[in-house]
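Since the structure comes first, as C-alpha cells, the remarks are kept for the end.
The values are calculated or read from the model by the stated rules, or taken from the named source; none is laboratory data. For clarity, every value in this text was computed on a predicted model and none was experimentally measured. Cβ placement follows ideal geometry from the backbone for every residue including glycine, while neighbour counts extend to all protein chains displayed. Please note that ligands, DNA and RNA were not included when accessible areas were found on the heavy atoms of the full protein model with its side chains. Shrake-Rupley method; radii C 1.70, N 1.55, O 1.52, S 1.80 Å.
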Amino acid sequence: MDTYYKSKRTGDLIRYSLSYVVLIICAGIFIFPFLWMLSTAFKIPSEAYTLPPKLFPRTFTLDNFIEGWKYADFTRYTLNTLTVTLLATLGTVLSASFVAYGFARFKSRYNNLLFTAVLATLMLPSQVTLVPTYLLFTKMGWLDTLKPLIVPSFFGGGAFNIFLLRQFFRSIPKDLDEAAYIDGANAFQIYYKILLPAIKPALITVALMSITFHWNDYMSPLIYLNSDQNFTLAIGLQFFQNSFGSSQIQMLMAVSLITVIPVLILFFVGQRHFVQGITMTGIKG
C-alpha cells in the first residue's frame, strides 16, 4: 500500500508540474507582446529599429512619452474617451439593473418569452444591426458626435448584463421585498435602497466590463466619428499609426502604453469583485 500511495503522489506531482510548465509557457506567449511594447516605449529611436531586435533597451528614455503625446491631440482624445466611458458605463449599470429587476421580481404571462427574446439578441452579430442603426443616427443628426456611443447604453444595457444581474436578483429572498412593502416602501425604493446594495459585486462586474469595452472600443467610433476633435483614443492611436507609426514606432508604443495602463490598474483594483461576481452568477439563482 505504501508503494502504491508513493507512486500515486509521484504521478500527481509530475502532472501538477507539467500543468504549471504549460501554464507558464502559455502565459509567457500571451504577455510577450505587452513586454515588447513596454520595452520599445523606453528605447531611443536607434535601438527601436536595431536588427536583430533586443528586448531590453540599453538606454532608457522618457522622451517617447512626451513627444508622442504631442504628435497628436491625445489630451482631447483622452477627454472624449473618458466622457464616453463614464457616461456609457453609468447608463449600462442603471438600465441593465433596472431591466433585470423587472424580470426577476415581476411576473407576467410573457415574462419568460420576453426574457428569451432578450437573450436571443446575443446571437445577433453586431454587423446585422449596423446599417439600420447607422441610418437611424443619421436621421437624428447624431453623426460625428459622441451621442451614438453614449445614449444606447441607457436603453437596456446589454443582454448579457441583464442576464447577469437577473441571476443575482433572483438569489435574494423575496422576504426582503415583502418586509419592505409592509413598511411602506414602493417597488422603486426596494430596487435602489435594498436590492442594489445587495448585488454590489455584480454591479462592479458589469461596470468593469463596460469600462473595458468602451475604453477600447474601436468599431463604433470609427463608424460614427469623422472630425479630429471628436476622436477617442482608439481612433487617435490608429490615426497616429497611419501618420507616424512607421517612422516613430517607439512613440507609438509609448502612447499605447499610456492608454493601456488605466485599464490594467482598474482590473487589478477590482479583480476580486469581478471574479466574485462571475463565480456567484454560476452558483446562484
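Residues in the chain average 61 Å² of solvent-accessible surface per residue, probe 1.4 Å, ligands and nucleic acids excluded. At full extension, ASP73 and PHE213 could sit 48.2 nm farther apart than now, given 0.36 nm per residue minus the alpha carbon distance. Taking only protein heavy atoms and a 1.4 Å probe, the accessible area of the chain is 69% carbon and sulfur. The charge dipole of region 2-64, taken about its Cα centre with unit charges on the Cβ of Lys, Arg, Asp and Glu (plus for the first two, minus for the last two), comes to roughly 240 debye.
The ratio of the alpha-carbon radius of gyration of the chain to the globular-protein estimate 2.2 N^0.38 Å is 1.30. Extending 7 Å from Cα along the Cβ direction at ASP12 and again at LEU124 yields two label points whose distance is 5.1 nm.
The chymotrypsin sites (Phe, Trp or Tyr not before Pro) of region 151-181 that meet both conditions, a loop assignment by DSSP and at most 14 other Cβ atoms within 10 Å of the site Cβ, are PHE155.
Calculated FRET efficiency, THR50 to ILE261, Cβ-Cβ distance, R0 = 35 Å: about 0.85 to the nearest 0.05.
Between LEU18, LEU114, LEU82, the residue with the greatest mean-square fluctuation in the GNM of the chain (Cα pairs under 10 Å linked by springs) is LEU18. The magnitude of the dipole of the chain, with charges of +1 and -1 set on the Cβ of Lys/Arg and Asp/Glu and taken from the Cα centre, is near 780 debye. Of the DSSP H helices in the chain, those that are both long (alpha-carbon extent of 27 Å or more along the helix axis) and hydrophobic (Kyte-Doolittle mean at least -0.5) are 2-41, 74-105, 249-283. Any idea which of LEU136, PHE239, ASN112 is furthest toward the positive side of the dipole for the chain, if Lys and Arg beta-carbons carry +1 and Asp and Glu beta-carbons -1? Farthest along the dipole direction, towards plus: ASN112. Please return the longest range in the chain lying between exposed loop sites, taking trypsin sites (Lys or Arg not before Pro), DSSP loop only, at most 14 other beta-carbon atoms within 10 Å, and leaving the sites out. That would be 175-283.
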